[in-house]
1. Kindly indicate which of B:A71, B:A19, B:A13, B:A49 is at pLDDT below 95 and buried (at least 18 other Cβ atoms within 10 Å of the Cβ).
2. Starting from residues that are assigned to a helix (DSSP H, G or I) and surrounded by 13 or more Cβ atoms within 10 Å (Cβ to Cβ), keep the ones in the stretch A:74-93 and report whichever is farthest from DNA strand C (Cβ to nearest atom).
3. Does B:A66 satisfy the criteria of being within 11 Å of DNA strand C (Cβ to nearest atom), in a helix (DSSP H, G or I), of a type in the set (A, V, I, L, M) and closer than 19 Å to B:K133 by Cα?
4. Report the residue count in the stretch A:16-39 for those that are within 10 Å of another protein chain (Cβ to nearest Cβ) and within 12 Å of DNA strand D (Cβ to nearest atom).
5. What do you reckon, is B:W110 away from DNA strand C (no atom under 16 Å from the Cβ), closer than 22 Å to A:R118 by Cβ and aromatic (F, W, Y)?
6. Condition first: modelled with pLDDT of 90 or more and either within 12 Å of DNA strand C (Cβ to nearest atom) or crowded, with 20+ Cβ neighbours inside 10 Å (or both). Now tell me which residues in the stretch A:37-46 satisfy that.
7. What are the residue pairs meeting all of these: first residue in the stretch A:4-20, first residue within 17 Å of A:D62 (Cβ to Cβ), second residue near DNA strand C (Cβ under 6 Å from one of its atoms) and of a type in the set (V, I, T), Cβ atoms under 6 Å, and 6 or more apart or on different chains?
8. Here are some conditions: (1) of a type in the set (S, T, Y); (2) free of Cβ contacts under 8 Å to residues at least 12 places away in the same chain; (3) closer than 23 Å to A:D121 by Cα. A:S164 meets all but one. Which one does it not meet?
Number of protein chains: 2
Amino acid sequence: MTGQVRTVDGRVAGRRGQATRQKLLDCLGEMLSSSPYRDVKVIDVARKAGTSPATFYQYFPDVEGAVLEIAEEMAKEGAGLTELVSGRSWVGKAAWQTSEELVDGFLDFWRRHDAILRVVDLGAAEGDKRFYKIRMKILNSVTNSLTDAVKELQAKGKVDKEVSAAAMAGSLVAMLAAVAGHQKGFTTWGVKQAELKPNLALLVHLGITGKKPVR
Amino acid sequence: MTGQVRTVDGRVAGRRGQATRQKLLDCLGEMLSSSPYRDVKVIDVARKAGTSPATFYQYFPDVEGAVLEIAEEMAKEGAGLTELVSGRSWVGKAAWQTSEELVDGFLDFWRRHDAILRVVDLGAAEGDKRFYKIRMKILNSVTNSLTDAVKELQAKGKVDKEVSAAAMAGSLVAMLAAVAGHQKGFTTWGVKQAELKPNLALLVHLGITGKKPVR
DNA sequence: ACTTGTCCTGTCATGCCGTCAGCTTACCGA
DNA sequence: TCGGTAAGCTGACGGCATGACAGGACAAGT
């Protein structure tokens with residue numbers, strides 16, 4: 001199902017080819033974190049990878065194509081974020097811990113993939129379906145788990161029926177993603193990382209359970 | 001203090017010049033909403049405005065410079081968002097109305113300036129101080145008002161002292177901005193606009209007052 | 001050594017960028 | 001009415017990234 005890695009013109013890539021390809025991806029990833037997406041040029045990536053622009057075009061149709069590749073890879077890892085929610089308890093003290101761990105895990109993931117997520121976000125916001133799909137893939141894993149959590153609490157009568165589970169989960173996840181994407185921004189605002197996390201956890205807790213947390 | 005409008009090489013722009021300049025800005029704005037930022041070319045903007053690329057460079061150092069201009073304009077309007085919070089009540093039924101109106105006003109503003117805000121967001125996320133400053137200008141107006149609201153409630157003993165007012169306000173505003181930026185996304189997710197807004201308002205209410213709303 | 005298929009690069013046409021000199025247009029005072 | 005002056009615009013150009021191709025370099029098997 002994975003299919004072999006192929007060049008643009010259809011050849012299958014061998015050991016050496018795959019190495020080159022990977023090197024190009026790595027260099028592109030680095031470039032994205034050090035300079036604006038708009039200014040990333042194929043020639044720079046190629047130079048950095050110690051090869052030529054022509055080689056780049058053997059493996060990717062354009063810069064965007066390569067970015068999608070990196071993003072896809074990241075999305076696979078992102079699917080693991082489900083673990084932060086599924087099977088956790090949303091009752092009593094455990095709920096507070098769940099909230100905290102969710103926030104921690106989420107922010108950490110975002111910080112690790114900072115640069116590429118920015119580009120994915122932009123692509124998605126601009127309406128590009130491919131980027132949108134990737135963003136979905138990452139966020140869905142968390143959103144769906146959270147949606148289930150809310151529905152479960154609703155079934156037990158612990159949360160108002162009026163609340164739209166999906167909208168609530170989606171909003172919270174969007175918040176986490178946004179804050180994560182502007183972490184640097186908050187510091188300039190005079191908000192320290194240390195106070196940010198508990199507040200996010202508090203909002204998550206409030207949103208999901210509708211109650212103040214018991215710590 | 002406003003200073004006259006000047007060309008890149010220092011001449012003051014007259015009536016005709018200002019008109020051309022404005023036309024270029026308008027066309028750039030349109031282009032941004034119809035095609036990805038990365039693909040916006042000076043030549044396209046110029047053609048659309050019925051002029052030549054050289055003319056564009058008379059008025060703006062580059063595409064980014066022009067975008068900043070548009071963004072600055074929008075930021076002025078955005079300062080008015082303060083009205084959505086300052087002087088409003090966060091007690092009882094009034095609090096729920098305040099929340100709803102804040103969400104409404106915010107989402108509306110974002111929808112109106114959709115395209116340009118996307119670019120500003122990207123620029124800010126990439127660490128460009130100029131874009132960051134503009135984003136601040138818009139969000140600060142709301143964030144500061146919200147921060148004050150929380151502090152006031154804390155002074156009255158209605159909200160826990162532990163809560164960091166700034167972090168809470170910042171997180172909520174980031175959430176609103178994020179959701180607003182991906183409004184289309186939510187619909188694909190099976191979440192309707194109609195259920196989104198009340199949920200956001202609920203989260204805002206919960207975050208600021210720490211309590212469930214009285215409707 | 002020879003063949004085969006993979007892999008890389010030199011080169012080229014194309015098109016956009018950003019700049020300049022120089023032409024046209026509008027305004028203003030005499 | 002008529003220059004003079006500054007504003008406004010554009011054609012043209014060097015420079016650079018893009019993307020396509022053909023041919024050379026390389027590894028592996030025979």
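1. Result of the check over B:A71, B:A19, B:A13, B:A49: B:A49.
2. Selected residue: A:L84.
3. Yes; evaluated as a whole, the condition is true for this residue.
4. Matching residues across the stretch A:16-39 total 3.
5. Criteria met by B:W110.
6. Matches in the stretch A:37-46: A:Y37, A:K41, A:V42, A:I43, A:V45, A:A46.
7. From the stretch A:4-20, the pairs are A:R6/A:V12.
8. Going through (1) of a type in the set (S, T, Y); (2) free of Cβ contacts under 8 Å to residues at least 12 places away in the same chain; (3) closer than 23 Å to A:D121 by Cα one by one, A:S164 breaks only (3).
The values are calculated or read from the model by the stated rules, or taken from the named source; none is laboratory data. Quick caveat, the model's predicted, so the values are computed rather than measured. Note: ideal-geometry Cβ built from the backbone for every residue, glycine included; neighbour counts use all protein chains shown.
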